[in-house]
Amino acid sequence: MDRTRPVAPNPYDYLPKAEAFTLTSDAFRDGDVIPAKYGLENDDVSPQLSWSGFPAGTKSFAVTCFDPDAPTPSGYWHWTVVDIPPHITELPEGAGSSDSTLPEGAFHVRSDYGTLRYGGMNPPVGDQKHHYYFVVHALDVDTLGLDAGASPVEAAFTMGMHTIGRAILVGTFQR
């Protein structure tokens, strides 16, 4: 059986346009391989992220990590943090380990691992190279009105109605 499949398209190309701003990481550059340290089999630590140039009127941020190449019809959500205050422009390495390591007011919603934390990269062994979309969403509301029991899809849907800016950093990983 041939298990090759096409690389998934950029999922953000199919959403309403939003003002672009800059997202960087000390861990990897856009298009680079993400170090194994940030994968599930190793330290499973969230990478450092910082952002700038977001739109005026930003009232909060959300941060997500999504793998559209996961062998499911709906991709895989590795990380969702919501209600980040607008004066916060960086999450240090490891900020995704729990809500206590996030800025005051921010919190995790469930990942597709079912946990309230960052869940590292874990593509099937031998599968094609996966693309991990780390995205900061600039939002026009102070809070999305969600709680920790929200699914990542519910959070993505809700933030989609409030996104005024979007910064995207894509890394790859393969086992």
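Reported count of residues in the stretch 26-67, each being open to solvent by 60 Å² or more (accessible area, probe 1.4 Å) and under 22 Å from L146 (Cα atoms), is 1.
On inspection, G160 fails the criterion of being on the phi > 0 side of the Ramachandran plot and of a type in the set (G, A, S). Counting the residues of the stretch 91-117 that are in a loop (DSSP other than H, G, I, E, B), touching a Pro at 6+ places or on another chain (Cβ under 9 Å) and buried (at least 16 other Cβ atoms within 10 Å of the Cβ) gives 7. Return yes when G75 is within 13 Å of the chain's Cα centre (by Cα), open to solvent by less than 30 Å² (accessible area, probe 1.4 Å) and at positive phi and no when it is not. Answer is yes for this residue.
Sub-8 Å Cβ pairs linking a first residue in the stretch 4-15 that is among the β-branched types (V, I, T) to a second residue that is at pLDDT below 95 and open to solvent by 70 Å² or more (accessible area, probe 1.4 Å), at least 6 apart or interchain, are V7/K129, ordered by first then second residue. Looking at S111, S52, just one residue is within 15 Å of the chain's Cα centre (by Cα) and touching a residue at least 24 places away in the same chain (Cβ under 8 Å), and that residue is S111. Checked against (1) among the aliphatic types (A, V, I, L, M); (2) at pLDDT below 95; (3) out of contact with any Gly (no Cβ under 9 Å at 6 or more places or on another chain), A8 passes all but a single condition, namely (3). So for the stretch 32-44 (the condition being within 24 Å of D99 (Cβ to Cβ) and part of a helix (DSSP H, G or I)), does at least one residue qualify? Yes, the stretch 32-44 has at least one match.
If you go through the stretch 16-35, how many residues are without any contact (Cβ under 8 Å) to a residue 60 or more places away in the chain and either under 19 Å from P85 (Cβ atoms) or not basic (K, R) (or both)? Result for the stretch 16-35: 1.
Select from the stretch 66-81 the residues that are part of a loop (DSSP other than H, G, I, E, B) and either touching a residue at least 24 places away in the same chain (Cβ under 8 Å) or of a type outside the set (V, I, T) (or both) and list them in ascending order. Talk me through it step by step, then tell me what you get.
Looking only at the stretch 66-81, we keep the residues that are part of a loop (DSSP other than H, G, I, E, B), and these are 68-75.
If the condition is that a residue be part of a loop (DSSP other than H, G, I, E, B) and either touching a residue at least 24 places away in the same chain (Cβ under 8 Å) or of a type outside the set (V, I, T) (or both), then P68, D69, A70, P71, P73, S74, G75 are the ones that fit.
Just to be sure before I move on: is I88 among the β-branched types (V, I, T) and assigned to a loop (DSSP other than H, G, I, E, B) in the structure I sent?
yes
Yes/no matrix, rows are residues, columns are (1) under 12 Å from the mean Cα position of the chain (by Cα); (2) outside any loop (DSSP other than H, G, I, E, B):
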{"site": "D83", "(1), (2)": "no, yes"}
{"site": "A138", "(1), (2)": "no, yes"}
{"site": "G149", "(1), (2)": "no, no"}
{"site": "G171", "(1), (2)": "yes, yes"}
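Of the numbered criteria (1) buried (at least 18 other Cβ atoms within 10 Å of the Cβ); (2) over 11 Å from A62 (Cβ atoms); (3) modelled with pLDDT of 95 or more, the one M159 fails is (2). Only a single criterion out of (1) touching a Lys or Arg at 6+ places or on another chain (Cβ under 7 Å); (2) modelled with pLDDT of 95 or more is not satisfied by A27, namely (1).
The values are calculated or read from the model by the stated rules, or taken from the named source; none is laboratory data. On a predicted model such as this, the values are computed, not experimentally measured, just so you know. Neighbour counts run over all protein chains shown; Cβ positions are idealised from the backbone, glycine included. Each accessible area value is taken on the protein alone, full model and side chains, heavy atoms only, with ligands, DNA and RNA left out. Shrake-Rupley method; radii C 1.70, N 1.55, O 1.52, S 1.80 Å.
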